[in-house]
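The values are calculated or read from the model by the stated rules, or taken from the named source; none is laboratory data. In this text, all values refer to a predicted model and were calculated from it rather than measured experimentally. Cβ sites come from the backbone with ideal geometry, for glycine too, and all protein chains shown count toward neighbours.
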Amino acid sequence: MKTDPSQGRARVAGVDEVGRGCLAGDVLAAAVVLDPARPISGLADSKTLSAARRAALYAEILASASAWAIGRATVAEIDTHNILQATLLAMERAVAALAPAPGFVVVDGNRLPNWHHASEAIVRGDAKIPCISAAAIVAKVTRDREMTALDREFPGYGFARHKGYGTREHCAALARLGPCIWHRMSFAPVRRAAPASPGH
């Protein structure tokens, strides 16, 4: 296993994103600085945790962390810049919202934003590095709750169940209803479901 590059460093922020592969909704990133004096047990890859366990850890992280922040890139920014650049932008915004600024940043994945922070990208970091696990949990719970709220505003798509991912249910709803304002028009399944423009 890769050595944790955050060991021995002060004020390390973990960063992870959620929603990159979705057909709808913003892409979110969270940045979390854990407090060594208030350890949190059970941090793990958010995808391996039940929704109830994620919610409990989310509440504990927000109460115990030295600092945390959410950054996002909107649907319009995703469609304008592409999903990779929008994801990196969300990460930049999350870290920029931390006060004071972190001394070091560890990011889940293999890409870093173009920023001035001392940092390292770690593949599968959400399963290896506690502060990244914490960021993944905060990002996922935040976005899941937002998509559940959108389900009430835009019923019929099933946002509360699939959270915007391209499930069979979601694609069937897209074909039936067409896209709503929260769908990413730059994604092929959404584009195919959009009504043809006049003259086409």
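Just checking, does segment 121-139 include any residue being free of Cβ contacts under 8 Å to residues at least 60 places away in the same chain and under 20 Å from residue 74 (Cα atoms)?
Looking for residues that are free of Cβ contacts under 8 Å to residues at least 60 places away in the same chain and under 20 Å from residue 74 (Cα atoms), one finds none in segment 121-139, hence no.
Tell me whether segment 33-41 contains one or more residues that are closer than 22 Å to residue 148 by Cβ and either at pLDDT 95 or above or among the small types (Gly, Ala, Ser) (or both). Steps first, please.
In the first step, residues of segment 33-41 are kept if they are closer than 22 Å to residue 148 by Cβ; the result is none.
Checked against the condition, which is being closer than 22 Å to residue 148 by Cβ and either at pLDDT 95 or above or among the small types (Gly, Ala, Ser) (or both), segment 33-41 yields no hits at all.
Which of the helices (runs of 4 or more DSSP H) contained wholly in segment 139-200 include at least 2 residues that are at pLDDT below 95, of a type in the set (Gly, Ala, Ser) and touching a Leu at 6+ places or on another chain (Cβ under 8 Å)?
none
Enumerate the pairs (first residue in segment 71-88 and farther than 17 Å from residue 146 by Cα; second residue anywhere and at pLDDT below 95 and of a type outside the set (Asp, Glu)) with beta-carbon separation below 8 Å, excluding pairs fewer than 6 apart on the same chain, so at least 6 apart or on different chains.
Pairs found: 88/114.
For residues that are crowded, with 23+ Cβ neighbours inside 10 Å and charged (D, E, K, R), tally how many sit in segment 148-173.
1
For the condition surrounded by fewer than 24 Cβ atoms within 10 Å (Cβ to Cβ) and either more than 16 Å from the chain's Cα centre (by Cα) or among the hydrophobic types (A, V, I, L, M, F, W, C) (or both), what is the one hit in 111, 124, 176, 145? If you could, list the steps in order and put the result at the bottom.
Working: 111 fails: either more than 16 Å from the chain's Cα centre (by Cα) or among the hydrophobic types (A, V, I, L, M, F, W, C) (or both); 124 fails: either more than 16 Å from the chain's Cα centre (by Cα) or among the hydrophobic types (A, V, I, L, M, F, W, C) (or both); 145 fails: either more than 16 Å from the chain's Cα centre (by Cα) or among the hydrophobic types (A, V, I, L, M, F, W, C) (or both).
Only one candidate qualifies: 176.
Suppose the filter is over 19 Å from the mean Cα position of the chain (by Cα) and more than 23 Å from residue 74 (Cβ to Cβ); does residue 153 pass it? Walk me through it before giving the result.
Details: over 19 Å from the mean Cα position of the chain (by Cα): yes; more than 23 Å from residue 74 (Cβ to Cβ): no.
Taking the combined requirement at face value, the residue does not satisfy it.
Does residue 112 count as over 25 Å from residue 57 (Cβ atoms) and touching a residue at least 60 places away in the same chain (Cβ under 8 Å)? Working first, answer last.
Values: over 25 Å from residue 57 (Cβ atoms): yes; touching a residue at least 60 places away in the same chain (Cβ under 8 Å): no.
It is false that residue 112 is over 25 Å from residue 57 (Cβ atoms) and touching a residue at least 60 places away in the same chain (Cβ under 8 Å).
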